[in-house]
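FYI, it's all coordinate maths here, none of it is from the lab. Just so it is clear, the structure is predicted and the values come from calculations on it, not from any experiment. Please note: Cβ atoms are built from the backbone with ideal geometry, for glycine as well, and neighbour counts cover all protein chains shown.
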Amino acid sequence: MKAIMSIFQIIGSLGLFLYGIKLLSEGLQKSAGDKMKAILRLMTKNRLISVMTGILITMLIQSSSATTVMVVSFVNAGLMDLIQAIGVILGANIGTTFTGWLVAILGFKLDISALALVAIAFAAPMMFSKKNKTREIADILLGFGLLFLGLNSMQHAMPDITGNVGVLSFLEKFNGDSILMVLTCLLIGTVVTVVVQSSSAAMAMTLTMAFNGWLGVSASAALILGSNIGTTITAYLASIGTSTTAKRAAWAHIMFNVTGSLLAVVLAVVFFKPLLHIVNLITPGDIFSMTGTALSKELPLFLAMFHTFFNVINTIVFFPFVRQFAKLIEKLVPAKAEYDEGTYHFTYIGGTFIDSPELYLLTIRDEIRKMANLACNMLSRYRNMFNNKEVNMEAEVLAMKKDEEYADQMQEQLSNFCVHLLQDSQTPTNASTLNCLIRVMDELESVTDSCYNLAMLSQRRYQQGWTFELSIASDLNQYELLVQEFLDYIRDRMDRTLTKAEMQKANEFEEQINTWRNHLSDMVQERLTSGNADVRIELLILEKIRHLEHIGDYCTNIAETYHQAVKHTPVLQKRSGNTTSHLV
């Protein structure tokens with residue numbers, strides 16, 4: 001019965017430790033969201049900066065799992081290429097060793113439970129603050145407190161076996177230096193990390209068992225190598241259903257960690273033991289001459305050094321061959337169609353250790369730029385159709401219909417995800433941004449509707465054999481070109497808040513469009529009044545003018561949304577003339 005209670009106490013302590021890591025990671029991600037985005041922009045410089053970025057971000061958010069999942073999500077969104085991703089992953093493996101040092105120095109060298117309770121005491125009242133920044137700091141303090149309370153509970157939950165000769169004789173099987181022992185511990189470390197999905201938690205368990213005399217030097221080191229392999233499961237799970245490039249990033253993480261760890265084991269005779277002795281030389285004391293209590297007290301610090309040293313050496317070995325490594329991954333994970341051609345699937349990355357709206361927003365903004373490009377291309381395609389009788393009208397209209405349906409799918413899936421984020425207790429700043437993005441997607445989808453309606457007008461014109469006078473065709477072409485320029489102008493400025501000058505330029509575009517609309521409508525009225533015009537052709541021209549004007553209105557709405565994005569959540573009203581009808 002006592003053994004069963006000990007097992008439950010260990011599991012409960014591990015759960016408390018994991019929850020502490022989760023709170024700490026989420027609090028740091030929210031607090032440092034903008035800083036992380038600024039840091040990530042540096043990754044385009046070179047591979048060395050990519051590695052340093054991985055180290056810094058992993059130390060900042062206290063989770064290599066979160067960093068690698070973040071990398072997979074950025075690659076999936078097209079914000080990072082494979083070579084940059086590999087550099088960040090190399091750095092993340094070094095950055096994650098910081099947790100081991102934190103645990104080894106504070107968790108075992110000091111009585112951290114009192115400090116943990118103080119952190120929780122400060123966090124408790126801050127959790128109910130109305131200020132978002134204060135609540136984020138509360139999450140960090142609470143996560144820190146729970147992390148070390150869990151570690152302290154785990155340490156006390158594990159029974160002291162130093163005086164139990166029978167148990168020690170069993171554990172001797174895991175304290176030798178044979179290859180079988182190393183492989184066994186490597187497998188155990190891998191499985192444990194896969195189950196808890198946190199190398200930090202597996203590291204804490206290993207250090208705790210070593211501190212309590214359960215494990216020796218070689219067995220503990222092998223367990224740490226196993227945790228290096230097991231931590232790749234998080235990135236792999238995050239890559240399921242993503243783009244080919246994102247899958248490649250996940251497999252780069254897997255191959256890097258597995259190859260490095262297995263090399264240390266396969267070459268155990270010439271590499272594993274010498275590696276331990278090298279680490280022993282740069283660690284205070286001689287770990288191999290220690291026994292009993294002295295060994296258990298110094299072993300956690302030695303293992304933290306081993307973890308860091310191994311990952312640094314692994315990175316140094318791989319670093320010069322990043323490009324070759326990327327080419328190998330590309331061959332092993334060939335590109336293939338993920339979905340049926342012509343259908344849209346928005347795949348976002350989430351998981352246990354990453355829940356930062358700021359990171360999701362980067363992906364959503366990138367998808368909106370793709371939607372804007374689609375709208376610009378549809379309008380350009382229509383302009384090529386209307387005055388080109390050589391075009392296969394049926395094929396072009398069908399293609400425009402597919403593009404319009406694709407835009408519908410984009411709007412539906414992206415808007416649903418934005419609503420999901422809005423319902424998930426977002427900060428007011430993110431709520432304002434998300435509402436802006438939802439509005440922009442609605443306007444862009446309306447642009448694609450108008451482009452499709454214009455394409456059907458073009459098809460109707462050539463089916464009926466209607467022709468325009470050169471002066472009328474010239475005026476209509478100028479009107480179309482003006483609307484195209486406005487749409488392109490908005491598309492090129494969708495990655496930032498519009499300045500006052502840019503908003504003024506957008507208003508000038510709208511005024512010019514309205515002037516042309518009035519001029520063209522008056523000309524239609526004059527021709528109808530004269531009695532010499534074909535009523536059907538003139539009605540088609542009016543319909544064409546109306547759809548083009550609507551596109552200009554949608555562009556103005558988008559400009560106003562981006563211009564007001566920082567001030568407050570814009571509540572824009574649809575213009576009275578923006579209800580689309582179908583006269584075809």
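What is the fewest-to-most order of 316, 188 by other Cβ atoms lying within 10 Å of their Cβ?
316, 188
Give me the number: length gained by fully extending residue 469 to residue 236, i.e. 0.36 nm times residue separation minus the C-alpha to C-alpha distance, one decimal in nm.
The span from residue 469 to residue 236 would gain 77.6 nm if fully extended.
When Lys and Arg each count +1 and Asp and Glu each count -1, what net charge do the other residues less than 14 Å away from residue 89, Cβ to Cβ, add up to?
Overall, the nearby charge balance is +2.
Number of Lys pairs in region 357-563 with C-alpha atoms less than 29 angstrom apart, excluding same-chain neighbours closer than eight positions?
The number of close lysine pairs in region 357-563 is 11.
Cα extents of region 357-563 along the three principal axes, largest first, in whole Å?
64, 37, 22
Using modelled amide H (1.01 Å from N, peptide plane; none on Pro or chain starts), what sits under 5 Å from the amide H of residue 96, excluding residues fewer than 5 places away?
Residues meeting the criterion, in which the H sits 1.01 Å from N, do not exist here.
Using each residue's phi in region 303-309, evaluate 6.51 cos²θ - 1.76 cosθ + 1.60 at θ = phi - 60° and report the 3J(HN,Hα) Karplus result to the nearest Hz, with x for Gly and Pro.
Karplus values, whole Hz, x for Gly and Pro: 5, 4, 5, 4, 4, 5, 4.
Can you sort 315, 244, 97, 206 so the residue with the fewest Cβ neighbours within 10 Å comes first?
Final ranking by Cβ density, sparse to dense: 244, 315, 97, 206.
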